[in-house]
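Asks: Below is one structure. I have some questions about it.
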């Protein structure tokens, strides 16, 4: 549910903080006081389209923040949050914040994490369901009717739909593969020739991981042969020949050995020199072997350079490294094998498709059977609700038609549309083309009364859906809204005293002028104040003893009626 909302510098609102509770909250006030502005703010928190026009004149930005709590641990919003790496706060708390800057850019945050408008919209869709007189989105989009019917069908449909969806996923993947396989034969032949040439070129190169580094090192040695030979000779001569460094170290070792016989403290020095002598002796031997083995081979340098040039050419064509080239080789080898055996594989996949289509037809037929049964129940339920909303002469029908043969989509093989006739003798026509604003509002309330127990949204908002009705219809609408509020939190903007009387929480929205600036204010209406506000709504002007009495009767009646809902 929506617990709190903070609004700063939004339209004519300077700063408002409102706390909401469970049940039905009604916002009332004179036309133009700013009631719908508050709903606009909630809609922006749910990812609605914003612009700099919302910013209060003279301010740099609009700041909106809403605190929600979700009690059910299996609520679908948690899965959406995890998908985007967002963790709910303690006790399922969720804070949505949106800043709209003067340059028109929005900054959105969920629990402090910056998100895109699209993510905020997806999260908001799980929590807020906003309905206005001309914004009954689900009803006005025929494509959504099948989802409403499936939702009404309950657990049996959910299980059947899960089975169908899994199979449909396999069908769609295989269909894409078959569509891709249906290529021009000439293009396939060209790809086979290309892959064959590339595979032959790479295989003939007999690449080895790490060889490029070894070749570069060998090339460096061959290019610097004279320098290497000269330095090794000089080092050897310094140790063993003309300079006779080894002889001098050997002489020092002998002298220290003799001295250590006299003074034992000199033994470590002797051992150090002795170690150096033997190490130099070994080094001299190794240098001699290296010099003897050194042989300049110009032909080998040519071979190394040619091999490196080949590797460079292959890297330009197939990958930045030898590892990349080998990975590419394995890929085209697999693709070549698939293309070479294309006809055989195509036959296998076509056979699989035939079987999947048969299975899909069975699962789709099961969906259709469940829908037709649910449609009858929904028609009866809607007609009962419409009768209570004084539309008893209307006719409501769930039309289910089969798609073309062998045509499937994610919902099966059915097209679903709600049809209605609001007058006796008139034929049934699509709901989206027939119902007037007032009738559509009552239809929406009828559906919401039925679906509110099952929908996952935490808050339902009605923005003046009762406009243009009065008398017993107004009372019926008030009772339906209160009934929905027994299962979901409902926020309702209304001009009807009958709706306001049903409120569990009542706010009065009004405008005030302070220092030559108009601003919207909000007051929590309690006890006797409610009677006064309802009296004003009844009279439209000054309150009278008669309107006050009528208001008291409305409150008493509402209290009695609400007892039957909960």
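Every number in this text was worked out from the coordinates using simple rules, so none of it is lab data. Just so you know, these numbers come straight off a predicted model, no measurement behind them. Neighbour counts are summed over all protein chains in view; Cβ atoms, including those assigned to glycine, are modelled from backbone coordinates with ideal geometry.
Asks: Using the alpha carbon gyration tensor of the stretch 363-424, what are the three equivalent-ellipsoid semi-axes (square root of 5 times each eigenvalue), largest first, in whole Å?
Replies: Numbers: eigenvalues 159, 28, 9 Å².
Taking √(5λ) for each eigenvalue gives 28, 12, 7 Å, largest first.
Asks: Still on this model: Calculate how many DSSP beta bridges within the stretch 457-551 are antiparallel, expressed in % of all such bridges and rounded to the nearest 5.
Replies: Details: 9 of 14 bridges.
So the antiparallel bridges in the stretch 457-551 amount to around 65 percent.
Asks: Relative to the longest principal axis of the C-alpha atoms of the chain, give the angle of the C-alpha long axis of helix 437-451, reported between 0 and 90° and rounded to the nearest 10°.
Replies: That works out to roughly 60 degrees.
Asks: Taking only Cα atoms of the stretch 447-566, what ratio of Rg to Rh do you get with Rh as the Kirkwood inverse-distance radius? Present the calculation step by step, with values, prior to reporting the outcome.
Replies: Numbers: Rg = 15.4 Å, Rh = 15.4 Å.
Rg/Rh for the stretch 447-566 comes to 1.00.
Asks: Roughly how tilted is helix 211-223, in degrees to the nearest 10 and between 0 and 90, from the longest Cα axis of the chain?
Replies: Taking the Cα atoms of the chain, the angle to 211-223 is about 40 degrees.
Asks: Would you calculate the volume per residue, in Å³, of the smallest convex hull containing every Cα atom of the stretch 191-269?
Replies: Working: hull volume 12.0 nm³, N = 79.
Output value, Cα hull per residue: 152 Å³.
Asks: A follow-up question, please. D for the stretch 322-376, whole µm²/s, Stokes-Einstein with Kirkwood Rh over alpha-carbon pairs at 4 °C and 1.567 mPa s: what number?
Replies: Diffusion coefficient, whole number: 88 µm²/s.
Asks: Run through every distinct alpha carbon pair of the stretch 148-211 and return the Kirkwood hydrodynamic radius in angstroms, one decimal place. Mind dumping the intermediate values first?
Replies: Details: mean 1/r = 0.0605 Å⁻¹.
It works out to 16.5 Å.
Asks: Please give the calculated 222 nm ellipticity per residue for the chain, where each DSSP H segment of at least 4 residues contributes -39500 (n - 2.57) and the sum is spread over every residue; nearest 500 deg cm²/dmol? Mind dumping the intermediate values first?
Replies: On the way: 20 runs with 321 residues, N = 566.
Theoretical 222 nm ellipticity from helices: -19000 deg cm²/dmol.
Asks: Between residue 225 and residue 345, what's the calculated FRET efficiency when r is the beta-carbon distance and R0 is 45 Å? Round to 0.05. If you can, show how the numbers build up before the last one.
Replies: Working: r = 57 Å, r/R0 = 1.26.
Once rounded, the FRET efficiency stands at 0.20.
Asks: At q = 0.27 Å⁻¹, what is the base-10 log of I(q)/I(0) for the stretch 1-70 according to the Debye formula with one equal point scatterer per Cα and no solvent? Please give it to two decimals.
Replies: Those come out to -1.38, one per q.
Asks: Specify whether the C-alpha gyration tensor of the stretch 54-95 places it in the rounded, prolate or oblate class, a ≥ b ≥ c being the square roots of the eigenvalues: rounded for a/c under 1.5, otherwise prolate if a/b is larger than b/c and oblate if not. Before the final figure, lay out each step's value.
Replies: On the way: a/c = 3.66, a/b = 2.58, b/c = 1.42.
Since a/c reaches 1.5 and a/b is larger than b/c, the shape of the stretch 54-95 is classed as prolate.
Asks: Which of rounded, prolate or oblate describes the stretch 92-234 when judged by the alpha-carbon gyration tensor and an a/c cut-off of 1.5?
Replies: Numbers: a/c = 3.80, a/b = 1.88, b/c = 2.02.
Oblate shape, in that a/c is at least 1.5 and b/c is the bigger or equal ratio.
Asks: Using all C-alpha to C-alpha distances in the stretch 1-133, build P(r) with 10 Å bins and read off the rounded percent in each one.
Replies: Spelled out bin by bin, the stretch 1-133 gives 12, 44, 34, 10, 0 percent.
Asks: Sorted by mean Cβ packing within 10 Å, highest first, what order do the peptides 2-8, 483-489 take?
Replies: Numbers: 2-8: 19.6, 483-489: 21.9.
Ranking the peptides 2-8, 483-489 by packing returns 483-489, 2-8.
Asks: When DSSP assigns beta bridges and you keep just the ones with both residues in the chain, what percent turn out antiparallel, to the nearest 5? Don't skip to the answer; put the middle values down first.
Replies: Working: 50 of 68 bridges.
Roughly 75 percent of the beta bridges in the chain run antiparallel, per DSSP.
Asks: What is the P(r) of the chain, as percent of Cα-Cα pairs per 20 Å bin from 0?
Replies: 15, 30, 20, 15, 12, 7, 1
Asks: Packing-wise, with mean Cβ within 10 Å as the measure, how do 335-346, 377-388, 31-42, 520-531 rank, highest first? Numbers along the way, then the final one.
Replies: Working: 335-346: 13.3, 377-388: 17.7, 31-42: 19.7, 520-531: 15.3.
Most protected by this proxy first, the peptides run 31-42, 377-388, 520-531, 335-346.
Asks: Let me ask something additional. Could you tell me how many degrees, from 0 to 90 and to the nearest 10, lie between the Cα long axis of helix 545-563 and the main elongation axis, the longest principal axis, of the Cα atoms of the chain?
Replies: So the inclination is approximately 50 degrees.
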